[in-house]
1. Helix 284-304 versus the longest principal axis of the chain: what is the Cα-based angle in degrees, 0 to 90, to the nearest 10?
2. Describe numerically, in nm with one decimal, the distance between label points set 7 Å from Cα along Cα→Cβ at Ala37 and at His329.
3. Among Ala120, Ala421, Ala407, whose Cα sits farthest toward the positive end of the charge dipole of the chain (+1 at Cβ of Lys/Arg, -1 at Cβ of Asp/Glu, about the Cα centre)?
4. In debye, nearest 20, what is the charge dipole magnitude of region 316-429 about its Cα centre with +1 on Lys and Arg Cβ and -1 on Asp and Glu Cβ, if you could check?
5. For region 109-189, taking Cα atoms only, what is the radius of gyration to one decimal and the Dmax to the nearest whole Å?
6. When you count, for each residue, the other Cβ atoms within 10 Å and take the mean per peptide, how do 354-361, 159-166 rank with the highest first?
7. On average over all directions, what projected area in square nanometres does region 219-262 have, based on the convex hull of its Cα atoms?
8. Calculate the length of the line joining the C-alpha centroid of region 109-142 to that of region 357-394, in whole Å.
Amino acid sequence: MKKLISLLAATTAVIATPVRADPLADAIKADMPGLTAIYRDLHIHPELSFKEGRSAGIMAEEAKKAGFEVTSGVGGTGVVAILRNGSGPVLLLRADMDALPVAEQTGLPYASQNPGVMHACGHDTHMASWIGVARRMAAMKDRWSGTLVMVGQPAEEIGSGARAMLKDGLYSRFPKPSTVIAFHDSAALPAGTIGTVDGYIMANVDSVDVQVKGVGGHGAYPHLAKDPIVLGSRIVTTLQTLISRETDPLESGVVTVGSFQAGTKHNIIPPDAKLQLTVRSYTPEVRQHLLDGIARIAKGEGIAAGLPDDRLPVVTLQDQRTPATFNTHEVTTHMVDLFRNRFGQERVKLIKPQMGGEDFSEFYLADKSIQSLLFWVGGVSAEKWKAAGGDVTKLPSIHSPFWAPDADAVISTAVEAMTIAALDVLKKG
């Protein structure tokens, strides 16, 4: 009987043990219906690069409601919201706002109502999360000290928005940060999973045009012409050796010819052709080697084809480029530990870098004394992830007309992760 009484007492004690309160998680949960409504509204009304007036207005208004000082129209349609809370570090949190020229095919009840425009990259989840973090940080001012700068950035998709904001005085008109942090939703991670890289996480993105000049003529008499299609084809195949034979196998790079335009009719040899290339790399050294190699190969193949100097291929590097995004070691390793303590080991992963581009890189490159972190938040629902067996090739990618993230999981995870990161950077003392 004594043993039974002891067992019952122990069982009662276990049952009576209170669950540890988590005010932050509770507050985010309570805020989610409103954030979901904002997300769906943003998804219904996507806006292209530098045309994000409505989206920027929503972010500005929500930041004002939370008590931030707000400046709109920075770098075009950019928003800068500042919350000053005593002495301490300056932290910049960024969300991008623009959508893509993609016709949505998700079938969602809140699908885009802007024909041919869609939030196919998930920037609507970024904006909703940004608003959620602003609310949490304003409500928790007793927990931190310093200055929080929250940036709504335009035109990430064309690699111009961050540069435009910096040019418009982001670091001179407003408090200059010691740390910058952003996140991006991911179509390659289960919903609610966090992934990041210590070092390069996203690539340099360069666009290169090659104008191939020839001598036009009749298709029946090719010996009387200089065929730019043949020359262009030689350039395309030789370009592949830049990676396979000229780049250290332990380095990374991509040279893709995305467009080859030439000719109008079956029996006409055209006078010219045009190649459009995307070039991806991480380090400045590999980038320069690839760009120099493209120019060298184009010229060399032109000489081999017997073209005179004034008809050699012309290589043009487009001004629009996105520098590689680099996560600094100190903040990255610290935040990985912080996130793992909060979310558990299984939800926080160190992953491989990607060859996509992200102009968040500009905020660090403007001053390399700044600590910088970009991380991913998985958006693939548990059901879809299980059905695909974790094989991302069976899932829609970002920029796909079918990309529909598990928005609630992305937003709730991102708000929690960004808030605890901000509280840590701006912790008192």
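1. The angle comes out near 20 degrees.
2. 4.8 nm
3. Most positive-ward Cα: Ala421.
4. For this selection, approximately 320 debye.
5. Rg, Dmax (Cα atoms, Å): 15.5, 46.
6. Order by mean packing, descending: 159-166, 354-361.
7. Quarter of the Cα hull surface area: 3.9 nm².
8. Taking the Cα centre of region 357-394 as reference, the centre of region 109-142 is 16 Å away.
The values are calculated or read from the model by the stated rules, or taken from the named source; none is laboratory data. All values reported here derive from a predicted model rather than from experimental measurement. Every residue, glycine as well, gets a Cβ built from its backbone with ideal geometry; the counts of neighbours run over all protein chains shown. Heads up: the accessible areas ignore ligands, DNA and RNA and are worked out on the full protein's heavy atoms, side chains in. Shrake-Rupley method; radii C 1.70, N 1.55, O 1.52, S 1.80 Å.
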